[in-house]
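Take a look at the structure set out below.
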Amino acid sequence: MNCRQLSDDELIVLFRGSCQHAFKEMYLRYWQKVYQVAYKKVHHKELAEELTQNLFVELWRRRETVTINSLSAYLFGSLKYSIINHYKSLLVQENYHNYIKASANYGVVNNTDYLLMLNELSEALARGIALLPKKTAEVFRLSRIEHRSVKDIAEQLHISEKAVEYHITQSLKSIRFHLKEYLFLLVTFIIFL
């Protein structure tokens, strides 16, 4: 099915019916534009790619329930909130790191509750990684634990950079889901300590 000649409104109708061709055309039509806006906001190529890819993955996942009046407005609005959520996450991480630094100065790091929670979090992360497909887990370890670049990982595993990005996106989505309850507990622990 050739969807190139269809308007955005026509694509949305087909997309709601789970038409992969319509989704592919939406992706081809808007991926670069969304990526460029993301890059202008975050000034980081890989992060902009990840935010853009996650936006389209989530769009497909919610295809039957999402309400779209204007495709362009929906995509750029979703991107805006994705970027806001990303910066909120960074703020939580920064506050956590500041807390750890401050705690180290006052000897609080030896707190039994803190050490127990940190151990549980580490175990949950290990379980989350174990649930990933073998290749995805390997890419996750190289990217997020060994801090290797997408290019290095692609060369080492003999796969394309796009494949590496796909595995990173899938692993982060799965790990976030698996650790969701621990993040809440950690934030609660930090606030009430």
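A short reminder: the numbers here are calculations on the coordinates, not readings from a lab. For clarity, every value in this text was computed on a predicted model and none was experimentally measured. Note that each Cβ is placed from the backbone with ideal geometry, even for glycine, and that neighbours are counted across all protein chains shown.
Worth a mention:
- Couplings 3J(HN,Hα) for the range 148-155, derived from phi with the Karplus relation 6.51 cos²θ - 1.76 cosθ + 1.60 (θ = phi - 60°), are 8, 6, 4, 4, 4, 5, 4, 5 Hz, where x marks Gly and Pro.
- Annotation: the residues 158, 178, sorted from fewest to most other C-beta atoms within 10 Å of their own C-beta, follow the order 158, 178.
- Cross-linked pairs 80/180; 41/88; 80/162; 40/180; 24/173: Cα-Cα separations exceed 18 Å for 80/180; 80/162; 40/180; 24/173.
- Label selected from [x] 19.8, 66; [y] 16.3, 52; [z] 32.5, 113, the criterion being Rg and Dmax of the Cα atoms in Å as computed here: [x]
- The range 1-87 - Rg over Rh from alpha carbon coordinates, Kirkwood radius: 0.97
- With R₀ set to 30 Å, the beta-carbon distance separating residue 130 from residue 58 gives a calculated FRET efficiency near 0.75.
- Listed residues 16, 176, 144, most fluctuating in the chain (Gaussian network, C-alpha, under 10 Å): 144
- Secondary-structure-derived ellipticity at 222 nm for the chain, considering helices only, amounts to -27000 deg cm²/dmol, per-run term -39500 (n - 2.57) for DSSP H runs with n ≥ 4.
- Between helix 71-106 and the chain: long-axis angle, C-alpha atoms, 0 to 90°, nearest 10: 10
- Amide H contacts of residue 148 (H built 1.01 Å from N, under 5 Å, at least 5 apart or other chain): 143
- Note on the chain: with a GNM built from Cα contacts shorter than 10 Å, the maximum mean-square fluctuation among 172, 90, 79 falls on 90.
- Each label point was placed 7 Å from the Cα along the Cα-to-Cβ direction; for residue 116 and residue 173 their separation is 3.6 nm.
- Inter-label distance, nm, simple model (7 Å from Cα along the C-beta direction), residue 2/residue 90: 4.4
- Per-residue Karplus couplings for the range 6-21, computed as 6.51 cos²θ - 1.76 cosθ + 1.60 with θ equal to phi - 60°, are listed in order as 7, 6, 4, 4, 5, 4, 4, 4, 5, 4, 4, x, 6, 6, 5, 5 Hz, Gly and Pro entered as x.
- Hz values of 3J(HN,Hα) by residue in the range 25-33 - Karplus curve (6.51, -1.76, 1.60), Gly and Pro given as x: 5, 4, 4, 4, 6, 10, 4, 4, 5
- Tilt relative to the chain, helix 112-131 - C-alpha long axis, 0 to 90 degrees, to 10: 40
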